[in-house]
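What follows is calculated from the coordinates using simple rules that are stated; it is not laboratory data. Computed from a prediction, not measured in an experiment: that's the story for all the values here. Cβ: placed from backbone, ideal geometry, glycine included. Neighbour counts: every protein chain shown.
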Amino acid sequence: MSIKVSSVSKIYKTQKALNSISFSAEKGQIIGFLGPNGAGKSTMMKILTGFIKPNEGEVFVDEIDVLQNPLEAQKTIGYLPEHNPLYADMYVREYLQFQASIFKVDKSEIEICIEKVGLTTEAHKKINQLSKGYQQRVGLAAAILHNPNVLILDEPTTGLDPNQLVEIRELIKELGKDKTVLFSTHIMQEVEAVCDRVIIIKNGKLLVDKPLQELKKDNLQNIEVTFDYKIEEQFIQKLPNIVSYKNNYDNTWYITFKSKEDMRPKIFDFAQENGLKILGLNGYNKNLETLFREVTSN
Ligand code: ADP
Ligand code: MG
């Protein structure tokens with residue numbers, strides 16, 4: 001396991017930020033760490049990277065006990081903290097040289113990282129002359145300088161414009177090819193675009209921990225359909241992929257389907273085959289965004 005978190009709790013004075021969180025990640029996975037503001041994402045990441053200690057629980061990264069050996073663990077972790085703290089007055093190369101000296105990394109790695117994160121054209125500039133997107137690249141370059149196996153990225157795409165967003169997502173995907181990546185976000189589409197797995201936390205509690213594919217399979221569609229005749233229950237059951245149904249008014253049915261395919265055309269076919277007319281049809285796909293809102297709303 002690249003990451004193993006067991007029953008981690010964290011209390012700040014009176015605020016319970018994490019409540020017995022457990023999860024693990026296999027090597028080479030990209031995991032979206034989702035949750036509304038204040039859920040405890042940053043707290044979990046600071047604990048994972050050995051910057052703060054939990055009140056309870058155990059944390060292993062690359063089989064290293066982070067609480068016992070934080071410095072050893074940090075050698076295998078690349079961390080991009082929230083708000084990406086950079087030295088704005090430094091030149092890009094100067095900053096990366098500074099970081100390289102902290103990690104005792106060979107200077108030759110700097111150019112490799114600059115190239116890897118797509119900073120080649122900007123590397124001669126001062127950090128405060130760069131756009132937010134390029135500043136994030138500098139943060140990412142600094143995080144991967146020592147060639148860590150595990151990347152912990154705290155909201156790496158927050159505050160980026162749509163183009164930068166896509167570029168940084170692509171970069172995370174690329175980096176994830178040979179690293180385990182845990183990155184926090186509150187954008188569900190981002191998870192769909194980048195991740196293999198999704199962990200959702202709220203109020204310090206873990207709510208969902210599933211492969212993205214499975215989560216998508218859970219996708220349910222709710223459709224309300226009104227026919228011109230009252231039909232029998234057995235009739236409705238002929239529709240495929242039904243999870244549940246309810247006869248709301250005489251001719252109106254509220255049906256939940258479990259299907260990746262849009263069920264509305266199927267209902268049209270069903271009506272036609274059975275000599276029915278559809279007087280009303282309301283449906284929505286329960287996409288990941290809906291699921292996220294449902295899971296995290298009160
Ligand atoms: P997220 O990153 O998901 O937005 P955080 O981990 O930053 O959540 O915060 C989780 C909870 O812990 C919040 O209620 C926050 O106010 C609280 N918190 C975070 N850091 C501190 C701190 N240093 N002292 C007290 N409370 C904190
Ligand atoms: Mg945070």
Subject >> Segments 245-252, 201-208, 155-162 sorted - mean Cβ within 10 Å per residue, highest first >> reply: 201-208, 155-162, 245-252
Original post:
Taking only C-alpha pairs under 8 Å that are 6+ residues apart, what is the relative contact order of region 109-253 in percent?
Top reply: 15
Original post:
For Thr256 and Gln189, what does the FRET efficiency come to when R0 = 25 Å and r is the distance between their Cβ atoms, rounded to the nearest 0.05?
Top reply: 0.60
**OP:** Sum up the charges of everything whose Cβ sits under 14 Å from the Cβ of Gly57, counting Lys and Arg as +1 and Asp and Glu as -1, but leave Gly57 out.
**Re:** +3
Original post:
When only C-alpha pairs under 8 Å and at least 6 residues apart count, what is the relative contact order of the chain, in percent?
Top reply: 20
Original post:
Lys260: which aspartates and glutamates have alpha carbons under 12 Å from its alpha carbon, excluding same-chain residues fewer than 8 sequence positions away?
Top reply: Glu214, Asp218
**OP:** Would you mind counting up the charge near Ser101? Only other residues with Cβ under 12 Å from its Cβ, with Lys and Arg at +1 and Asp and Glu at -1.
**Re:** -1
Subject >> Approximate spin-label separation Tyr249-Leu207, in nm, with each point projected 7 Å along Cα-to-Cβ >> reply: 3.3
**OP:** Kindly rank 258-267, 191-200 from highest to lowest mean number of other beta carbons found within 10 Å of each residue.
**Re:** 191-200, 258-267
Subject >> Between region 180-232 and region 2-34, the Cα center-to-center distance that results, in Å >> reply: 20
**OP:** Apply 1/(1 + (r/R0)^6) to the Cβ-Cβ distance of Asp178 and Glu72, taking R0 = 25 Å, and write down the FRET efficiency to the nearest 0.05.
**Re:** 0.75
Subject >> Segment Ile112-Glu56, length gained on full extension (0.36 nm per residue, minus Cα span) >> reply: 16.2 nm
Original post:
What is the order of His83, His146, fewest Cβ neighbours within 10 Å to most?
Top reply: His83, His146
Original post:
Between Tyr12 and Ser101, what is the FRET efficiency for a Förster distance of 25 Å, r being their Cβ-Cβ separation, to the nearest 0.05?
Top reply: 0.15
**OP:** For Lys266, go through the aspartates and glutamates and keep the ones whose alpha-carbon is under 15 Å away, minus same-chain ones fewer than eight residues off.
**Re:** Glu224
Subject >> Relative contact order of region 220-296, pairs being alpha-carbon contacts under 8 Å that are 6 or more residues apart, as % >> reply: 45
